[in-house]
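The values are calculated or read from the model by the stated rules, or taken from the named source; none is laboratory data. None of these values were measured; they are calculated from a predicted model. For neighbour counting, all protein chains shown are included, and Cβ atoms are generated from backbone atoms with ideal geometry for every residue, glycine included. SASA here: full protein model, heavy atoms, side chains in, ligands and nucleic acids out. Shrake-Rupley method; radii C 1.70, N 1.55, O 1.52, S 1.80 Å.
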Number of protein chains: 2
Amino acid sequence: MGAIICVGLGPGDPELMSVKADRLVRGATHLAYFRKAGRSGVARRIVAGMLREDVIEYPMEYPVTTEIAFDSKDYTARLAQFYEEWTERLTALAQDHEVIVLCEGDPFFYGSFMHLHSRLQGRCTVEVVPGITGMTGCWHATGIPITWGDDVLSVLMGTLPEEQLVRHMRDAHALAIMKTGRNLPKVKRALAAAGRLQDAWLVERGTMPGQRVAPLADTDLDDCPYFAIVLVHGQGRRPE
Amino acid sequence: MGAIICVGLGPGDPELMSVKADRLVRGATHLAYFRKAGRSGVARRIVAGMLREDVIEYPMEYPVTTEIAFDSKDYTARLAQFYEEWTERLTALAQDHEVIVLCEGDPFFYGSFMHLHSRLQGRCTVEVVPGITGMTGCWHATGIPITWGDDVLSVLMGTLPEEQLVRHMRDAHALAIMKTGRNLPKVKRALAAAGRLQDAWLVERGTMPGQRVAPLADTDLDDCPYFAIVLVHGQGRRPE
């Protein structure tokens with residue numbers, strides 16, 4: 001009897017993986033992970049040097065999407081088909097093997113594995129191991145606590161409409177904004193409109209090699225990798 | 001040359017501690033942790049069975065506060081004095097020793113250590129190790145992903161005024177409400193007013209012995225421990 005075990009890898013530094021994740025990754029005989037076609041994959045890079053020599057790997061490559069719009073029906077259909085196919089393959093493997101599925105950060109926090117998780121229910125044994133979220137790694141990279149006392153933290157996606165971003169940025173004390181990338185100019189405008197731009201930090205590759213932390217207002221928007229999170233720290237109640 | 005190293009312990013299951021935290025805790029010769037007077041302390045319980053026999057322990061007991069109001073000037077002054085005193089003691093210890101300070105969850109996410117962290121700056125070497133947040137452990141306890149696609153997650157404290165709770169509960173897709181305890185009746189009313197009560201879960205002691213997960217609407221409010229988090233899962237965009 002096998003199982004699918006999805007393992008949260010944390011923000012990038014292999015030492016920040018949980019004891020349980022570390023043990024499962026080192027012992028894995030069957031290892032699956034998402035990656036973009038033609039890339040090595042962030043999750044796979046995090047576990048480099050930890051794997052058994054005889055591990056069998058299953059890179060799950062996202063369908064190529066450069067020619068179709070992200071929110072089109074065609075893209076959604078291709079993505080659904082991709083998840084269906086891997087659900088079939090993993091279900092078959094899980095009859096006899098324990099398959100470790102890698103996931104950056106925490107699998108239940110905007111993780112791609114969730115699309116397999118919902119489809120695998122009732123078909124085989126599925127377990128999920130929590131991880132430190134990427135945003136947690138990023139606020140540690142700034143060296144400043146993210147929330148104090150009664151602070152409200154809102155986690156926002158850069159893909160949201162600008163007016164929604166502005167409203168949430170005004171209404172919360174602390175902010176973590178993910179999926180920045182090509183949305184960064186919009187995120188920057190929204191922060192300025194909400195009066196929060198001067199307190200915003202851009203963190204690239206938090207806890208990973210090449211980590212960079214800078215005030216967002218000073219950042220050249222043409223030079224921003226996908227793996228960047230914008231943070232505004234809370235300043236809540238504390239004993240003086 | 002010593003140092004103060006604050007270690008995030010994660011949500012409670014010792015296996016969910018990071019590899020780095022596990023190593024530091026097992027090697028600790030000087031160990032400090034917060035606890036309520038007369039209690040063993042949650043952080044200390046998590047590391048039971050992991051410590052060196054010759055470890056020297058420094059329980060940092062919060063000043064007794066049952067007779068004075070939480071938001072009074074007197075309470076704040078006593079708390080500030082408590083943090084000042086431990087800043088002095090830890091600074092002195094850190095001249096010669098590496099002192100490990102335990103912290104449940106993630107130290108930079110509403111953690112008590114932040115009040116020492118700000119005071120210790122420039123006085124000795126201070127390092128902070130991230131941990132899996134308590135709320136992450138709780139959403140894993142429900143077995144349901146907390147956020148998908150463009151979902152907005154808002155983290156709220158049960159100590160906030162009721163009308164602020166209602167506004168944030170209406171405005172976000174996913175919710176994590178901490179510091180519930182005696183605020184739970186207010187939190188429940190606010191969720192009902194925002195139309196979210198039927199989707200809310202109460203998670204007690206997430207990932208710890210005695211874990212309990214139940215729909216909040218069905219929960220007896222007289223029977224709620226301090227260590228409970230209320231969650232509403234997001235239902236965001238996903239390929240069908």
Original post:
How far is helix A:73-93 tilted off the main Cα axis of chain A, in degrees rounded to 10, range 0 to 90?
Top reply: 40 degrees
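May I ask you to derive the FRET efficiency for A:Leu221 and B:Ala92 from their Cβ-Cβ distance with R0 = 51 Å, giving the value to the nearest 0.05? Numbers along the way, then the final one.
Values: r = 47 Å, r/R0 = 0.92.
About 0.60, to the nearest 0.05.
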Original post:
Under a 1.4 Å probe, what is the accessible area of chain B per residue, stated in Å²?
Top reply: 43 Å²
Original post:
Taking a label point 7 Å from Cα toward Cβ, how far is B:Pro161 from its twins in the other copies, in nm, shortest first?
Top reply: 2.9
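Rounded to the nearest 100 Å², what's the accessible area chains B and A bury against each other, both chains counted, probe 1.4 Å?
On the way: alone 12680 and 12690 Å², together 20560 Å².
Chain pair B/A: roughly 4800 Å² of buried accessible area.
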Subject >> Interface residues in the range A:3-34 - accessible area drops by 50 Å² or more relative to the isolated chain, probe 1.4 Å >> reply: A:Glu15, A:Leu16, A:Val19
Original post:
Relative to the first principal axis of the alpha-carbon coordinates of chain A, what is the inclination of helix A:184-193, with its axis defined by its Cα atoms, in degrees from 0 to 90 and to the nearest 10?
Top reply: 40 degrees
**OP:** State the volume of the convex hull built on the alpha-carbon positions of the range A:1-88, expressed per residue in Å³ and rounded to an integer.
**Re:** 118 Å³
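In debye, nearest 20, what is the charge dipole magnitude of the protein assembly as shown about its Cα centre with +1 on Lys and Arg Cβ and -1 on Asp and Glu Cβ, if you could check?
Working: 52 positive and 60 negative charges, 79 e Å.
Using Cβ point charges on Lys, Arg, Asp and Glu, the protein assembly as shown gives about 380 debye.
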Subject >> Residues whose placed amide H lies under 5 Å from that of B:His30, excluding near-sequence neighbours >> reply: B:Ile56, B:Ile100
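Take the alpha carbon gyration tensor of the range A:72-161, find the square roots of its eigenvalues, order them as a ≥ b ≥ c, and report rounded if a/c is under 1.5; if not, report prolate when a/b exceeds b/c, else oblate. Before the final figure, lay out each step's value.
Working: a/c = 3.05, a/b = 1.69, b/c = 1.80.
Verdict is oblate for the range A:72-161.
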**OP:** Please report how far the C-alpha centroid of the range A:1-61 lies from that of the range B:16-69, rounded to the nearest whole angstrom.
**Re:** 32 Å
Original post:
How big is the C-alpha Rg of the protein assembly as shown next to the rule-of-thumb value 2.2 N^0.38 Å, as a ratio?
Top reply: 0.97
Original post:
Per residue of the protein assembly as shown, what 222 nm ellipticity follows from adding -39500 (n - 2.57) for every DSSP H run with n ≥ 4, rounded to the nearest 500?
Top reply: -9000 deg cm²/dmol
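List the chymotrypsin sites (Phe, Trp or Tyr not before Pro) in the range B:62-162 that DSSP assigns to loop (not H, G, I, E or B) and whose Cβ has at most 15 other Cβ atoms within 10 Å. Which are they? Walk me through the intermediate numbers first.
Numbers: sites: B:Phe70, B:Tyr75, B:Phe82, B:Tyr83, B:Trp86, B:Phe108, B:Phe109, B:Tyr110, B:Phe113, B:Trp139, B:Trp148; in loops: B:Phe70, B:Phe108, B:Tyr110, B:Trp148.
Listed in order of number, the matching sites are B:Phe70.
Provide the percentage of antiparallel DSSP beta bridges, counting only those with both residues in the range B:119-240; round to the nearest 5.
Values: 12 of 17 bridges.
Of the beta bridges lying entirely in the range B:119-240, close to 70 percent run antiparallel.
Here is the link list: A:Lys36/B:Lys179; B:Lys20/B:Lys179; A:Lys186/B:Lys188. Which ones come out longer than 32 Å on Cα distance? It would help to have the intermediate numbers written out before the result.
Numbers: A:Lys36/B:Lys179 40 Å; B:Lys20/B:Lys179 28 Å; A:Lys186/B:Lys188 36 Å.
Pairs exceeding the cut-off: A:Lys36/B:Lys179; A:Lys186/B:Lys188.
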**OP:** For the range B:1-154, just say rounded, prolate or oblate: build the C-alpha gyration tensor, square-root its eigenvalues into a ≥ b ≥ c, call rounded for a/c under 1.5, and beyond that prolate if a/b exceeds b/c, oblate if not.
**Re:** oblate
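Can you sort A:Ile177, B:Ile144 by solvent-accessible area, 1.4 Å probe, largest first? Before the final figure, lay out each step's value.
Working: A:Ile177 0, B:Ile144 60 Å².
Per-residue accessible area, sorted high to low, gives B:Ile144, A:Ile177.
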Original post:
A:Glu57 versus A:Met1, label points 7 Å from Cα toward the beta carbon: distance in nm?
Top reply: 3.2 nm
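Give me the percent of accessible area attributable to carbon and sulfur for the range A:1-153, probe 1.4 angstrom. Can you show the working numbers first?
On the way: 3020 of 6270 Å².
Heavy-atom surface of the range A:1-153 belonging to carbon and sulfur, 1.4 Å probe: 48 percent.
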Subject >> Exposure of B:Ile56 as accessible area (Å², to 10), given a probe of 1.4 Å and all protein chains >> reply: 80 Å²
